[in-house]
1. How big is D, in µm² s⁻¹, for the chain by Stokes-Einstein at 37 °C and 0.692 mPa s if Rh is the Kirkwood radius over C-alpha pairs?
2. Provide the gained length on full extension for the span residue 55 to residue 25, in nm with one decimal, where the gain is 0.36 nm per separating residue minus the Cα-Cα distance.
3. Quote the FRET efficiency, to the nearest 0.05, computed for residue 7 versus residue 72 with a Förster distance R0 of 22 Å and r equal to the Cβ-Cβ distance.
4. What angle do you read, to the nearest 10 degrees and between 0 and 90, between the alpha-carbon axis of helix 4-29 and the longest principal axis of the chain?
């Protein structure tokens with residue numbers, strides 16, 4: 001059971017990273033060629049990477065809060 005507390009977050013992180021990479025590739029492919037194309041592509045990539053890091057950090061924080069709350073409730077029940 002202790003392995004699940006490591007395997008599940010690692011799997012979710014890997015999944016979110018893969019989805020972010022595919023989204024970045026897809027969205028940068030939609031940018032038309034022109035003077036501002038490279039800047040738009042860079043902005044898309046930076047936004048997606050930042051969003052993914054924010055989602056992973058929020059998810060880790062939320063998991064921590066839920067775990068602490070459940071431990072407190074378990075201690076109070078004893």
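1. D = 218 µm²/s.
2. 8.9 nm
3. According to the calculation, E is roughly 0.30.
4. On a 0 to 90 degree scale, this one is about 10.
The numbers here are math on the coordinates, done by the rules we state, and not lab data. Note that the coordinates shown come from a computational prediction; the quantities given were computed from them, not determined experimentally. Cβ sites come from the backbone with ideal geometry, for glycine too, and all protein chains shown count toward neighbours.
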